[in-house]
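Each remark here refers to the structure printed beneath this line.
The values are calculated or read from the model by the stated rules, or taken from the named source; none is laboratory data. Small disclaimer: the values here were computed from a predicted structure and weren't measured. As a convention, Cβ positions derive from the backbone with ideal geometry for all residues, glycine included, and neighbour counts pool all protein chains shown. Quick note on the areas: whole protein, heavy atoms, side chains included, nothing else; ligands and nucleic acids left out. Shrake-Rupley method; radii C 1.70, N 1.55, O 1.52, S 1.80 Å.
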Amino acid sequence: MTDTAPAPDTAGPGPGTAATGPDPVAAAVRVPPGSSPWQLARRELRRRPAVRVSLAVVALFVLMAVTAPWLGALGGWSPDTYDKSAVDAYLGGLPLGSLGGISPRHWLGVEPVTGRDLFARVVHGAQVSLLIAFAATAIVVLTGTAAGIAAGYFGGRTDAVLSRLMDLTMSFPSLIFMIAVLSVAKDVNRILLMTAVIGLFGWPGIARVVRGQTLSLKHREYVDAARVGGASSWRILTRDILPGVAGPVIAYTTLLIPGMISTEAALSYLGVGVRPPTPSWGQMIAESVAFYETDPMYFVIPSLFLFLAVLAFTLLGDALRDILDPRGGRT
């Protein structure tokens, strides 16, 4: 009896066989044509558990910032209320009890010496930090998008002037300028000043991204057709160019926010940002350095909130960049 060679298996990998990776053609087929950036982002974000967690953390921080006055009242304390009974005057004002004075009265403990409730100060600090970050990001995105579209679409002298202005702004020592301005200006609203100063130096990055996208879009067939049909430049910019750059702008915006939060915290840590008694995460971290050995929880709590906020926004921004601007992502 002769042995017969087995026929080659052409059925493809079975249920137990490891796949070689997602088929880009099949993935492209699954994306409905004509999807807007927001629809594409929502569809892809539902498929990524880690991003959903980050989105939930971001939503939690935003909700905490919006409802800070009510959350502080829910805990029974305001950020400026002193509770001398919660600290030991004979031990340098250290909190009574373990873990920095965490108790049913003070959910996250108390501040050394003053006895101010850390929960109330952290939630109000979230309001200040996110307000500055969101407002500065809005200034950067609006200014950078307008400048990038104008430079890319009109070209010529407009492009030359705006491009040189971008180069000048990006080469300026922004951190030194921020520290100098915030140190000199004293009798002004610190939140408004920090928002304006931080937003002043952030727009060239997004302007360059938008300019590159606009250069590739302004020679498309539908833009040429609108131009030949007599459409005004304003109509072409708002109806044809702006929707085409919306994806990268959305992705870049979410990546800007964690940087803005870190910048505000760094300036407040250096003592030129938000001034007491207004609470800020950076300011709280700076004040906690003197107690990191005797009361480490005072340092850990605001640092943890700052870390989680920056991490959540960064992960969300990375995901949106991969989805909405894959050509500008990591190689």
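Quick notes on this structure:
- For the range 106-198: accessible area per residue (Å², 1.4 Å): 43
- Distance between the range 257-331 and the range 65-119 - C-alpha centres, whole angstrom: 22
- Which of TRP107, TRP77, TRP281 is most accessible, then next, and so on - probe 1.4 Å: TRP107, TRP77, TRP281
- Take the Cα of VAL188, step 7 Å toward its Cβ, do the same at TYR82, and the gap between the two points is 3.2 nm.
- Accessible surface of the range 238-292, 1.4 Å probe, proportion on carbon and sulfur as whole %: 66
- Summing charges over neighbours of ILE236, with a neighbour being any other residue whose Cβ is under 12 Å away from its Cβ, gives +3 when K and R count +1 and D and E count -1.
- Set of the range 233-270 residues, backbone N closer than 20 Å to the point 7 Å along the Cα-Cβ line of VAL181: 256-270
- Exposure rank, largest accessible area first [LEU311, LEU192; 1.4 Å]: LEU192, LEU311
- Mean Cβ neighbour count within 10 Å, used as a protection proxy, ranking 117-128, 166-177 highest first: 117-128, 166-177
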